[in-house]
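Peer 1: Please see the structure below; I have some questions.
What follows is calculated from the coordinates using simple rules that are stated; it is not laboratory data. These numbers were taken from a predicted model, which means no experiment stands behind them. Heads up, the Cβs are rebuilt from the backbone with ideal geometry, glycines too, and the neighbour counts pull from every protein chain shown.
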Amino acid sequence: MKLAWLDKLREQNPVVLNISNFVTVQDVANGLNALGASPIMSEEIAETKEMVAISDAIALNLGSFTQTQIAHIKKMGQEANFAHNPIVLDPVAVGAISYRKQTALQLLQDFSVAVIRGNAGEIAALANFSWQAKGIDAGFGDSNVVEMAKVVAKKFHCIILMSGKTDYITDGNRVTAVHNGTKLFAIHVGSGDMLTSIVGAFAAVSKGDYFEAAQTAALVFAAIGELAAKDKCIGPGSFTVNLLDQLFLAESQQISAIADYEEL
Ligand SMILES: Nc1ncnc2c1ncn2[C@@H]1O[C@H](COP(=O)(O)OP(=O)(O)O)[C@@H](O)[C@H]1O
Ligand SMILES: Cc1ncsc1CCOP(=O)(O)O
Ligand SMILES: [Mg+2]
């Protein structure tokens, strides 16, 4: 774990370019900003090349796409590959909606990604493992979650960050489990989207070590959620406010003091 990268991120203030969903776009922008990155959102295909050129990492969210947005995502993915900019993909609800799965699989052929960040329902769908996803949520299943994450990592030659009560990060061989977090994440719509963009911010300062970027982002975000939950938190409203404050305030030493993770 490279918790020192949180300080590096705050020093470097990397630009993270996002194609977001319309539901959580503001959570994503404010989350990145609070942590110390510089968010920028785009909805116009004509500006893609210029946007990619000023960015240090790209987060592509499939939460509310249209055909027009898919063309934009494809172009951004291809321009980012050409510019050697890391891409983090969030395959929202591909476990629940077959059209989303088909679209995500096509995009994964059109360009390559550094990291896929999804919940167990989404990763199971990409692995073709049996699972009952529920809308945007993970749902339930008894497939071996570590195996399915490894399968997807090998299939798409990328890092998988599968989030949930325990987050699993794998490159297909190595696996880290991060046990930090709070149940309150599950009642805040956008927790996963924020994490995806934050993986982008860590990828931007990682000099190409995307496994390290994904596992450090997972630990930082989950531990910050834990700190937020401890601070006079009574429900989703106060959690959202506290989460934003802790993204801004939390120091790497505080995260290190509560870090709970293992290499499997
Ligand atoms: N039951 C839980 N207990 C603790 N942390 C959780 C729980 N569920 C999700 N998280 C945390 O919430 C964050 C977002 O992940 P997740 O909820 O899986 O994404 P999504 O919103 O895409 O389903 C991650 O940091 C994850 O560790
Ligand atoms: C509710 C909803 N509908 C489409 S995208 C979206 C937000 C998903 O956010 P997250 O996966 O981070 O909870
Ligand atoms: Mg999600």
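Peer 1: Have a look at the DSSP beta bridges in region 50-189 and tell me what percent are antiparallel, nearest 5.
Peer 2: The answer is about 45 percent antiparallel.
Peer 1: A further question on this structure: What percent antiparallel are the DSSP beta bridges of the chain, to the nearest 5?
Peer 2: 40 percent
Peer 1: Have a look at Asn242, Ala114, Ser206 and report the one farthest towards the positive end of the charge dipole of region 4-263, computed about the Cα centre with Cβ charges (Lys/Arg +1, Asp/Glu -1).
Peer 2: About the Cα centre, the residue reaching furthest to the positive side is Ala114.
Peer 1: Continuing with the same structure: Calculate for the chain the 222 nm mean residue ellipticity that helices alone would give, adding -39,500 (n - 2.57) per DSSP H run of length 4 or more and normalising by residue count, nearest 500 deg cm²/dmol.
Peer 2: -15500 deg cm²/dmol
Peer 1: Taking the Cα centre of region 4-263 as the origin, how large is its charge dipole in debye, to the nearest 20, when only Lys and Arg (+1) and Asp and Glu (-1) carry charge on their Cβ atoms?
Peer 2: 500 debye
Peer 1: Right, here's the next one. How big is D for the chain, in µm² s⁻¹ as a whole number, if Stokes-Einstein is applied with the Kirkwood radius of its Cα pairs at 4 °C and 1.567 mPa s?
Peer 2: Estimated diffusion coefficient is 73 µm²/s.
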